[in-house]
Amino acid sequence: MRLTYTRSVYALTTFRLVWLKELIEKETVESKLPKRVELGSIFSFTEDNGVVCKICADAKACCDFATGKTWDLWKLDYMKRHVIQKIHSDSIAKLRRIQAGAGISCLLTESEDHRQMRMEVNDRQRSTGEQVKILIDNVLLGLSMNASMLSVMDIHDHMAKYVKLPDSWRSKNYAFEFVECIDTVVREKCMKEIREF
Ligand SMILES: [Zn+2]
């Protein structure tokens with residue numbers, strides 16, 4: 001009884017929560033390049049369970065840091081030593097494999113709608129000012145020729161032979177969006193001129 005009491009007092013006095021604020025240079029599950037992280041992003045401490053390495057716990061590694069390590073006389077070095085151990089690196093690798101697997105199964109099970117939306121978002125992110133300028137210019141050409149928006153689609157397709165214009169951008173909806181943008185600018189300019197007149 002007496003022994004247990006002494007033990008818990010030691011745990012309280014020798015582990016310092018401030019250690020969890022300590023910065024170390026270490027690769028993480030997300031980043032293969034070492035980056036500065038707080039020990040607290042890897043370890044947690046409770047009086048009941050001692051020190052848990054969250055990464056080894058998630059990876060269900062076979063070491064006492066995975067379930068909670070208790071020690072009579074804690075030293076900051078014990079944690080720093082653990083993160084360079086093979087078992088910890090193996091846990092990082094295991095979690096990376098799990099995450100990559102989840103990513104792949106997401107791709108395999110996503111619906112057609114979802115896929116198209118993702119592709120469109122990708123296209124938009126890749127957009128360059130030059131591509132958008134070409135699309136707007138085509139719309140302007142169509143307007144000046146008094147042509148229908150369907151003809152603008154033909155112009156887009158024609159241009160796509162020479163420059164890269166993603167399929168989804170050549171849709172009628174996009175053309176109307178451009179017309180609206182152009183209209184807003186023209187209207188603002190007209191109103192400004194009228195006001196100044
Ligand atoms: Zn670990």
query = Can you give the relative contact order of region 125-196 as a percent, counting alpha carbon pairs under 8 Å and 6+ residues apart?
reply = 30 percent
request  = Taking every pair of Cα atoms in the chain, average 1/r, invert it to obtain the Kirkwood radius, and report Rg/Rh to two decimals.
outcome  = 1.33
remark   = Going through Lys35/Lys133; Lys32/Lys75; Lys161/Lys189; Lys26/Lys69; Lys32/Lys133 one by one, the pairs whose alpha carbons sit over 31 Å apart turn out to be Lys35/Lys133; Lys161/Lys189; Lys32/Lys133
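Given the -39500 (n - 2.57) contribution per DSSP H run of 4+ residues, what per-residue ellipticity at 222 nm results for the chain, rounded to the nearest 500 deg cm²/dmol?
About -19500 deg cm²/dmol.
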ask   = For region 70-75, what does the Karplus curve 6.51 cos²θ - 1.76 cosθ + 1.60, with θ = phi - 60°, yield as ³J(HN,Hα) per residue in whole Hz, taken in order and with x for Gly and Pro?
value = 10, 8, 6, 10, 6, 10
ask   = Normalised by the residues of the chain, what does the relative contact order come to in percent, with Cα pairs under 8 Å and at least six apart?
value = 13 percent
ask   = Dipole of region 125-196 (Lys/Arg Cβ +1, Asp/Glu Cβ -1, origin at the Cα centre): which of Cys181, Ile155, Trp169 lies farthest to the positive side?
value = Trp169
request  = Indicate the gyration tensor shape class of region 2-104 (rounded, prolate or oblate), computed on the Cα atoms with a ≥ b ≥ c the square roots of the eigenvalues: a/c under 1.5 is rounded; otherwise a/b larger than b/c is prolate and the rest oblate.
outcome  = prolate
inquiry  = Give the list, by residue number, of cysteines in the chain with no other Cys Cβ closer than 4.7 Å, or say none.
reply    = Cys62, Cys63, Cys106, Cys181, Cys190
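Could you state the orientation-averaged shadow area of the convex hull built on the Cα atoms of region 125-196, in nm² to one decimal?
Over every viewing direction, the Cα hull of region 125-196 projects on average to 5.5 nm².
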remark   = Mean separation of Cα contacts under 8 Å (at least 6 apart) over the residue count of region 47-153, i.e. the relative contact order in percent, is 18 percent
query = What is region 109-167 by shape, rounded, prolate or oblate, if you read a ≥ b ≥ c off the alpha carbon gyration tensor as root eigenvalues and call it rounded for a/c under 1.5, prolate for a/b larger than b/c, and oblate otherwise?
reply = prolate
note = The whole-number value in µm²/s of the Stokes-Einstein translational diffusion coefficient for region 65-129, with Rh from the Kirkwood sum over alpha carbon pairs at 20 °C and 1.002 mPa s, is 134 µm²/s
task = Taking only Cα atoms and a 10 Å spring cutoff, compute GNM fluctuations for the chain and point out the largest among Gly142, Gly40, Gly68.
result = Gly142
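Laboratory data are not the source of any read-out in this text; all were calculated from the coordinates shown. Because the structure is predicted, anything quoted here is derived from the model rather than measured. Positions of Cβ are generated from backbone atoms using ideal geometry, with glycine treated the same way; all protein chains shown enter the neighbour counts.
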